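This report refers to the structure that appears directly beneath it.
The values are calculated or read from the model by the stated rules, or taken from the named source; none is laboratory data. Quick caveat: nothing in here was measured; it's all calculated off a predicted structure. For neighbour counting, all protein chains shown are included, and Cβ atoms are generated from backbone atoms with ideal geometry for every residue, glycine included. What goes into the accessible areas is simple: the full protein's heavy atoms, side chains included, and nothing from ligands, DNA or RNA. Shrake-Rupley method; radii C 1.70, N 1.55, O 1.52, S 1.80 Å.
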Amino acid sequence: QVQLVESGGGLVQAGGSLRLSCAASGTIFRIADMGWYRQAPGKQRELVATILSSGSTNYADSVKGRFTISRDNAKSTVYLQMNSLKPEDTAVYYCWGRLGFSATWGQGTQVTVSS
């Protein structure tokens, strides 16, 4: 059974930084595609960033140049470094993992950016 556990959310002022972590268990992490999504109140869940098993990355236009996704296969962990945070980045951030045709979600971590 694959499990994803996020950490690192919290309250930060606009312009500040946070780093989210997602620890994976129960899967061959190094061959899994990983990513981060977010969902703000009243809005649909949206892609933030993905990192494939190859290391290739993809970002939503709204976070390009501010957020960086990375992975440490030795620790089975994916990270999201968030800089220059804006109030509109406020959301629950979900870790996502895919291995073959099977996808898994974490429980989510709240990020709140005050103006």
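One table, with the values for the structure above:
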{"item": "Subset of segment 44-62 [in contact with a Leu (Cβ under 9 Å, 6 or more places away or on another chain) and either part of a strand (DSSP E or B) or crowded, with 20+ Cβ neighbours inside 10 Å (or both)]", "result": "48, 49, 58, 59"}
{"item": "Restricting segment 19-43 to residues that are open to solvent by less than 30 Å² (accessible area, probe 1.4 Å) and more than 11 Å from the chain's Cα centre (by Cα), the residue that is farthest from residue 69 (Cα to Cα)", "result": "40"}
{"item": "Filter pass, residue 76 being in contact (Cβ under 8 Å) with a residue 40 or more places away in the chain and either under 17 Å from residue 6 (Cβ atoms) or open to solvent by 70 Å² or more (accessible area, probe 1.4 Å) (or both)", "result": "yes"}
{"item": "Search result, residues across segment 103-114 that are touching a Phe, Trp or Tyr at 6+ places or on another chain (Cβ under 7 Å), open to solvent by 50 Å² or more (accessible area, probe 1.4 Å) and modelled with pLDDT of 95 or more", "result": "105"}
{"item": "Residues being closer than 17 Å to residue 24 by Cα, part of a loop (DSSP other than H, G, I, E, B) and of a type outside the set (A, V, I, L, M) - total across segment 63-100", "result": "4"}
{"item": "Residue within segment 75-86 that is more than 10 Å from the chain's Cα centre (by Cα), closer than 20 Å to residue 23 by Cα and of a type in the set (Phe, Trp, Tyr) present", "result": "no"}
{"item": "Tally, over segment 1-18, of residues that are loosely packed, with under 14 Cβ neighbours inside 10 Å, at pLDDT below 95 and in a loop (DSSP other than H, G, I, E, B)", "result": "1"}
{"item": "Within segment 87-102, considering residues that are farther than 15 Å from residue 23 by Cβ and surrounded by 14 or more Cβ atoms within 10 Å (Cβ to Cβ), the one modelled with the lowest pLDDT", "result": "99"}
